[in-house]
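Here is the structure we will look at, set down as structure tokens.
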Amino acid sequence: LSIKDLSDLQKLAVVGHGSSGTVYKVHHKKNQSFYALKVIFGIRQQPTLEAEILKRVDSPYVVRCHAVFDNGCSEANIENGSDLSFVMEYMEGGSLHDVLRAHHRLPEDVISCLAKRVLEGLNYLHGLHIVHRDIKPSNLLVNESGEVKIADFGISQVVKGKFEVSDLQLEMGTCAYMSPERVDPERWNGENADGFAADVWSVGVVMLECLLGHFPFISPGQKPDWATLICAICFGDSLEMPENASPEFQSFIRRCLEKDWHKRATVIQLLDHPFVNRNSCGSTRKLVDYVLPR
Ligand code: ADP
Ligand code: MG
């Protein structure tokens, strides 16, 4: 399939508003298929990297990008001078954030399958030297079949050697899933981290949030402020674990949320973890039961 012209796409609805732009559900008039169109305005540097990454990645665990349109070098223009547009596979179930908002919490078997897919995705990305840097519920998208895929490379980096510490994005939403070595590089030897371990930390926070039904580190209902959050991430040593969490789940979370990134489990180690391999992700209840098609 090739999408040659933005004008073949008809905007149907806005499905997401992010820090960088707007995401629409669109209909391709010629091939009668639906896609997601992410339109980014303004600043050029990072969106260009996002486009490069999206063009390079090809995995069942990462949201597929079918075309990139850049106003700078294309005559196609969907409306009022947008800068950069990505045509992506449409994920009917929305994001894990939407799923959690609707269902509050998920059972361990579902989280196990979810963790497996996200780790497979990270394994693929890390193999290409791509550090995602923004793993959180709103960047994990779900399709009609309940498959989860990693999306949003808006603040990702391609690393060759040392992890470049960047404070491009320090708003609360993103900071909440940040590892100690990113929140406080001085204390946690962040300058020497390669960034891969920070993605593992975020996986731990997300999976714990799925079981707890609220963001970990702060009490439910508490409005998180910067200081409380940073203190909890960097210094807090008691993790709130759901009472009935299985030993495998608890062990998985502790391996992800190890504050010292040298000691934290790697993606490869976690793919071997009993929690991730406890069920074949077809026979038990899957995420598909929790998806609300829109
Ligand atoms: P931002 O960089 O602005 O956060 P995202 O790529 O994360 O942009 O997209 C913002 C939101 O739009 C997502 O949280 C999701 O709800 C929705 N969205 C993004 N891509 C898709 C897609 N391919 N299919 C369906 N919804 C999507
Ligand atoms: Mg996002």
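Rule-based calculations on the coordinates, nothing more; no lab input. Since the structure is predicted, the reported quantities are computational estimates derived from the model, not experimental observations. Note: ideal-geometry Cβ built from the backbone for every residue, glycine included; neighbour counts use all protein chains shown.
When the helices of the chain are scored as -39500 (n - 2.57) per DSSP H run of n ≥ 4 and the total is divided over every residue, the value at 222 nm lands at -9000 deg cm²/dmol.
Projection of the Cα convex hull of the range 180-267, averaged over all directions and equal to a quarter of that hull's surface, yields 5.7 nm². Ordering 4-12, 122-130 by mean Cβ neighbour count within 10 Å, with the highest value first, yields 122-130, 4-12.
Compared with the dominant Cα axis of the chain, that is its longest principal axis, helix 247-256 is turned about 70°. For the chain, the dipole from Cβ point charges (+1 on Lys and Arg, -1 on Asp and Glu) about the Cα centre works out to 520 debye, to the nearest 20. Dipole orientation for the chain: of the candidates L119, V87, L211, V87 has the Cα lying most toward the positive pole (charges on Cβ; Lys, Arg +1; Asp, Glu -1). In whole Å, how far is the Cα centre of the range 88-121 from that of the range 239-262? Measuring centre to centre over Cα atoms gives 19 Å.
The distance between label points at R187 and S59 comes to 3.1 nm (points 7 Å beyond Cα on the Cα→Cβ vector). Across the alpha-carbon atoms of the range 84-146, the computed radius of gyration and Dmax are 12.9, 39 angstrom. Taking M241, M88, M207 in turn, the Gaussian network model of the chain (Cα-Cα springs below 10 Å) assigns the largest fluctuation to M241. Convex hull volume of the Cα atoms of the chain, normalised per residue: 134 Å³.
Only Cα pairs under 8 Å and 6+ residues apart enter the sum, and on that basis the relative contact order of the chain stands at 18 percent. Farthest towards the positive end of the charge dipole of the chain, among the residues H28, A245, V39, is the Cα of H28, using unit charges on the Cβ of Lys, Arg, Asp and Glu.
Measure nothing but the geometry: give the 0 to 90° angle between the long axis through the Cα atoms of 196-212 and the longest principal axis through the Cα atoms of the chain, rounded to 10°. Roughly 80 degrees between the two axes.
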